[in-house]
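Enquirer: Dropping a structure here in structure tokens format, bear with me for questions.
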Amino acid sequence: MTEQKRSWAEPYKIKMVELLKMTSKEDRQKAIAEAGYNTFLLKSEDVYIDLLTDSGTSAMSDRQWAALMMGDEAYAGSANFYNLEKVVREYYTYKELIPTHQGRGAEHIMSRLLIKEGDYVPGNMYFTTTRLHQELAGGKFVDVIVDEAHDAGSEYPWKGNVCMKKMQKLVDEVGADKIPYISLEGCVNMAGGQPFSMANLRELKAFCDKYKIMIMLDATRCCENSYFIQQNEKGYENKSVKEILHEMCAMTDGCTISAKKDSLVNIGGFFACNDPDLAAKARNMCVMYEGLHTYGGLAGRDMEAMAIGIQESAMDSHQKARIGQVHYLGEKLLKAGIPLVTPFGGHAIFLDAKKFLPHLNQEEFPAQALAAALYVESGVRAMERGNISAGRDPETKKNRNPKLELVRLTIPRRVYTQAHMDVVAESVIALYEKRSQIKGLEFVYEPEHLRFFQATFKPKA
Ligand code: PLI
């Protein structure tokens, strides 16, 4: 048997457990109605298996827990900041580090510094908070991801790639001086956790060098992206995740990161870059919005746990088990004929709600309705990634009606077992058998920004 064909197993054993609460269907019907059919508004104690997000939900290792005791809670110059800076330089290559309370804190700082009113910011698909900060800074987001990314059924392995024709078209239309940077996300969340290839990044770098456009990485899930490159891109099969990550970052000008995902901590993020002038401005913004630039809204202990989490996240054995578990769930669902986004991405399995609920139109929010129904069926909490997440166009005020209308079953890192994945698969399959009973939803309350977090709904009559 080759190494590839052997089963993976978690490269850790369990030292402490957290008990789960089982609820009845009646309890869950009541809870989802009280939550306005929005899984974000459920109380976590009413949830059995929580696949809402992989953000801040990972299990820390014993080394990370021990690191919490090494917190240097000095207001200025904490030893933990310097440890983190060293690790970021070693793994992500960037010289300048500005810690932030989480990813959107870094996005706020970077968008305000780099975007001028009337600028265009291309990206390999939008992410909710990223695009909002670009818009609040006066920019206009332009989607330059390859077309395959918008097609749930396409088997293209690099759905996170940038389409160079779309980049060229944008430059021709608006001029390179109106494009401060391209926002390049690893394992593109809204496309289904889909990676870009190193070949695509190389091509993008040549293009951006020519037009003097910066490449700013959203490195939130770039370790996972690096694992896909190792597994699927020719020439990288013998390189480690760490080496690939290094090569990737070295081709870019800086990054924002939510450390709550790949980096295995419950809170934290950072902005990093190589340009000392940009870093000085970012430090000045940091002190206004996050905290002094050597803690950025974090406790010293959080920075220490992050420094260790970054090292663990780039271990090949970790990524093999992490992505192995996600794909185990995907295979089970696919075998049962459930409509999914393929190929499977890094952090989640995405149900194709348009195909799951063909009797609903997109203005009846099929993905939102499906996530609510899955919770009632099984106590499994998932998240809508469709029309509600996409929000309204700031000019027309109409729902954006994105091509992808998805429910995300997001797997926290190092938290659930294979048996949990079996239960999740059985729950989705049971719901699929009675899918025609699921009704669409309409708004009761719609907040102005990032509406998916706080909106409430009721079933359509
Ligand atoms: O949730 P934050 O503020 O730490 O990070 C924002 C953020 C930025 N980029 C990407 C690609 C994300 O996925 C992201 C947050 N994602 C969440 C919360 C999620 O559930 O996917």
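Since every read-out is calculated from the coordinates, none of them should be taken as a lab result. In this text the structure is predicted, and so the values were computed from the model without any measurement. Cβ coordinates were reconstructed from backbone atoms using ideal geometry, including for glycine residues, and neighbour counts include every protein chain displayed.
Enquirer: Just for the chain, what percent of DSSP beta bridges are antiparallel, to the closest 5?
Expert: Numbers: 26 of 41 bridges.
Roughly 65 percent of the beta bridges in the chain run antiparallel, per DSSP.
Enquirer: Right, something else. Show that you can apply the helix-only estimate: for the chain, add -39,500 (n - 2.57) for every DSSP H stretch of four or more residues, divide by all residues, and state [θ] at 222 nm to the nearest 500. Intermediate results must be reported in sequence, preceding the final value.
Expert: Numbers: 17 runs with 187 residues, N = 461.
One gets -12500 deg cm²/dmol as the mean residue ellipticity at 222 nm.
Enquirer: Could I ask something else about it? Sorted by average packing, counted as other Cβ atoms within 10 angstrom per residue and highest first, what order do 61-70, 110-119, 408-417, 187-196 take?
Expert: On the way: 61-70: 14.9, 110-119: 18.1, 408-417: 21.8, 187-196: 28.7.
Descending mean neighbour count gives 187-196, 408-417, 110-119, 61-70.
Enquirer: Please find the FRET efficiency linking residue 250 to residue 335, where r is the Cβ-Cβ separation and R0 is fixed at 51 Å, and quote it to the nearest 0.05. It would help to have the intermediate numbers written out before the result.
Expert: Numbers: r = 40 Å, r/R0 = 0.79.
Calculated transfer efficiency: 0.80.
Enquirer: Can you give the FRET efficiency to the nearest 0.05 for residue 361 and residue 74, using r as the Cβ-Cβ distance and R₀ = 51 Å? Walk me through the numbers on the way to the answer.
Expert: Working: r = 57 Å, r/R0 = 1.11.
For residue 361 and residue 74, the calculated efficiency is 0.35.
Enquirer: Sorted by packing (mean other beta-carbon atoms within 10 Å per residue), highest first, where do 233-246, 90-103 land?
Expert: Working: 233-246: 16.3, 90-103: 23.0.
So the order, starting with the most tightly packed, is 90-103, 233-246.
Enquirer: Using r as the Cβ-Cβ distance of residue 274 and residue 66, and R0 as 35 Å, what FRET efficiency do you calculate, to the nearest 0.05? Write out the running numbers ahead of the final one.
Expert: Numbers: r = 32 Å, r/R0 = 0.92.
So, using R0 = 35 Å, E works out to roughly 0.60.
Enquirer: log₁₀ I(q)/I(0) of region 314-412 at q = 0.10, 0.15, 0.25 Å⁻¹, via Debye over equal Cα point scatterers, no solvent, to two decimals?
Expert: These q points yield log10 I(q)/I(0) values of -0.31, -0.64, -1.30.
Enquirer: Take the alpha carbon gyration tensor of the chain, find the square roots of its eigenvalues, order them as a ≥ b ≥ c, and report rounded if a/c is under 1.5; if not, report prolate when a/b exceeds b/c, else oblate. Mind showing how you got there, number by number?
Expert: Working: a/c = 1.42, a/b = 1.22, b/c = 1.16.
Rounded, since a/c falls under 1.5.
Enquirer: Let me have the relative contact order for the chain, percent, based on Cα pairs under 8 Å that are six or more residues apart.
Expert: Working: 967 pairs, mean separation 109.2, N = 461.
Relative contact order for the chain comes out at 24 percent.
Enquirer: Ok, one more. Once you have the Cα-Cα distance between residue 117 and residue 206, take 0.36 nm times their residue separation minus that, and quote the gain in nm to one decimal. Walk me through the numbers before you get to the answer.
Expert: On the way: separation 89, 0.36 × 89 = 32.04 nm, distance 2.67 nm.
That works out to 29.4 nm of additional length.
Enquirer: Past 28 Å, Cα to Cα, is the threshold; run 15/260; 165/261; 21/434 against it and keep the listed order.
Expert: Numbers: 15/260 22 Å; 165/261 31 Å; 21/434 25 Å.
Over 28 Å Cα-Cα: 165/261.
Enquirer: While we're here: Based on the mean of other Cβ atoms within 10 Å per residue, sort peptides 23-33, 127-137 so the most packed one is first. The partial results should precede the final answer.
Expert: Details: 23-33: 14.5, 127-137: 21.0.
Taking the mean over residues of other Cβ atoms within 10 Å, the ranking is 127-137, 23-33.
Enquirer: Under the rule of at least 5 residues apart or a separate chain, name every residue whose amide H is placed under 5 Å from the amide H of residue 271.
Expert: Hits under the 5 Å cutoff: 98, 100.
Enquirer: Calculate the spin-label point distance for residue 23 paired with residue 448, positioning each point 7 Å from the Cα along the beta-carbon direction, and give it in nanometres.
Expert: 3.2
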